[in-house]
Structures are given as structure tokens and as C-alpha cells.
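The structure under discussion appears below in the form of C-alpha cells.
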Amino acid sequence: MKLQKELRLKQPLASVNHEALLSLVRTSSLMQKLSDRFFSLFGLTDVQFNILMILKEHRTEGLSQQKLSEHLIVTKSNVVGLIDRLERSGYVTREAHPSDRRFNQIVLTRKGEKLEARIENRYFKEVDKMMNVLATSEKKAVIRAMERIRDYIGNNGA
């Protein structure tokens, strides 16, 4: 559907730059809503699932909260609260760092591993269903375009 119709605008957007930006924002918002619905089935948020996937990758050694926050794809301001909630649910645990008592390592528990495994296949099937509406060349073009925008933002103070 055309963005103008979706947003119920009376007139076309004045600039292709503005339309492209609004299209990104609108699509991101719709994807977030879809993600929220999916992860709510498991009592998680997308960020909590991201943490479980990261910890799965670092299963043997765990990660400090700082290192974990560096891996996240969203803002890092609430990592402590996210970890607290995951720990209360029994999905992660804080363990003393082996060589530096000032830090804790965040480690995926067996219960967390089971939940991550239960969600992962369904998650990637949903991702494939959504992204397969694009041809491979279109996906690669989206990836390149988003990289260029992130590079611009990164080089201009964000």
C-alpha cells in the first residue's frame, strides 16, 4: 500500500527524502508491533529474546553486563532491568567473574536455554515468511541502504 494512503494524507509528500524516511519509520513501527505480538506468546520482549540468543552464543563463559550491552541492537540504558527480569524468571543467572570480583558474568540457565531453543525455530520461520516477500537482490539492496544510513548517523554524532 502506498504510504500516502496508509497515513491518510490528503496530498502527496513534498519530498522523496521525507517519504523514504517516513516509510522506514512506519515499517519499523509495524515490525515492532508484529514482534511484540510474537514474543508476548512466550512472556518475553524482543530485547529479552535478543539477550537469550547472545548468551547462547557465549554459553561457556557468559558475559559481563557491559559486554552484553555492547551486543544489543537497541538502546542499552535498561540492561540491568532486563537482566533482573530474566533472572527472576529463572532464564539467566549472575555469577562472580572468575578473575575480577567487581563484575558479574551473566549466564544462560538450562531453563533459559530450553526457552531460547523453543522460540528460535518459530522466530526464524516468521522472519523468513516476512522477508521472503522480497527478492534476494532487494534484501541485499535494503541491507546496503541501511548500512549507508547507519554509517552516516555514526559519522555525524549519534
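The values are calculated or read from the model by the stated rules, or taken from the named source; none is laboratory data. Predicted model, so just to flag it, every value in this text is computed and none were measured. No Cβ is skipped: glycine too gets one built from the backbone with ideal geometry, and neighbour counts run over all protein chains shown. With ligands, DNA and RNA removed, areas are computed over all heavy atoms of the protein, side chains included. Shrake-Rupley method; radii C 1.70, N 1.55, O 1.52, S 1.80 Å.
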When segment 66-98 is checked residue by residue, the ones that are over 20 Å from Leu115 (Cβ atoms), open to solvent by less than 60 Å² (accessible area, probe 1.4 Å) and outside any loop (DSSP other than H, G, I, E, B) are Ser69, Ala96
Are there any pairs, at least 6 apart or on different chains, whose C-beta atoms fall under 8 Å, with the first in segment 16-33 and closer than 17 Å to Asp128 by Cα and the second surrounded by 13 or more Cβ atoms within 10 Å (Cβ to Cβ), and if so, which? Gln32/Asp46
Which numbered condition in (1) within 19 Å of the chain's Cα centre (by Cα); (2) in a helix (DSSP H, G or I) is the only one that His18 fails? (1)
When you scan segment 15-32, do you find a residue that is farther than 23 Å from Asn121 by Cα, touching a Pro at 6+ places or on another chain (Cβ under 9 Å) and surrounded by 12 or more Cβ atoms within 10 Å (Cβ to Cβ), even just one? yes
Per the filter on segment 99-129, residues part of a helix (DSSP H, G or I) and either open to solvent by less than 50 Å² (accessible area, probe 1.4 Å) or over 19 Å from Leu44 (Cβ atoms) (or both) are Gly112, Glu113, Leu115, Glu116, Ile119, Glu120, Val127, Asp128, Lys129
Based on what the data block shows, is Phe42 in contact (Cβ under 8 Å) with a residue 40 or more places away in the chain, in a helix (DSSP H, G or I) and not basic (Lys, Arg)? no
Picked from segment 80-98 (must be out of contact with any Asp or Glu (no Cβ under 7 Å at 6 or more places or on another chain) and free of Cβ contacts under 8 Å to residues at least 24 places away in the same chain), the residue farthest from Leu44 (Cα to Cα) is Pro98
